[in-house]
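This report concerns only the one structure given below.
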Amino acid sequence: MPREIKDKKEFQKLLEEAVEIRVKREGESAKVKIRTPTRLYTFKTSGEEADTLTKGAKVETVEF
């Protein structure tokens, strides 16, 4: 089961461990999914903030 993250700082820490990042846009909001070796995490945010958060990631970001 995926785990939902509600804290921006925790999300940024998990980005360092990410194997894959997926962004699903829903109108003006977005859901960012981070796959780590052990678990899938989700983070709901605005579309613009999703872009800025994933911009510095070491792995490729996939848009859905």
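With both partners inside segment 3-63, how many of the DSSP beta bridges are antiparallel, as a percent to the nearest 5?
70 percent
Rounded to whole Hz and in sequence order, give me ³J(HN,Hα) for segment 15-28 from the Karplus expression 6.51 cos²θ - 1.76 cosθ + 1.60, θ = phi - 60°, writing x for Gly and Pro.
Result, ordered by residue: 4, 5, 8, 4, 9, 8, 10, 10, 10, 10, 8, 10, x, 8 Hz.
Over the chain, what number does the Rg to Rh ratio reach, with both radii from the alpha-carbon atoms and Rh per Kirkwood? Before the final figure, lay out each step's value.
On the way: Rg = 10.4 Å, Rh = 11.5 Å.
With Rh from the inverse mean 1/r over Cα pairs, Rg/Rh is 0.91.
Computed from the coordinates by the stated procedures, all read-outs in this text should not be read as laboratory data. A quick note: this is a predicted structure, and the numbers were derived from the prediction, not measured.
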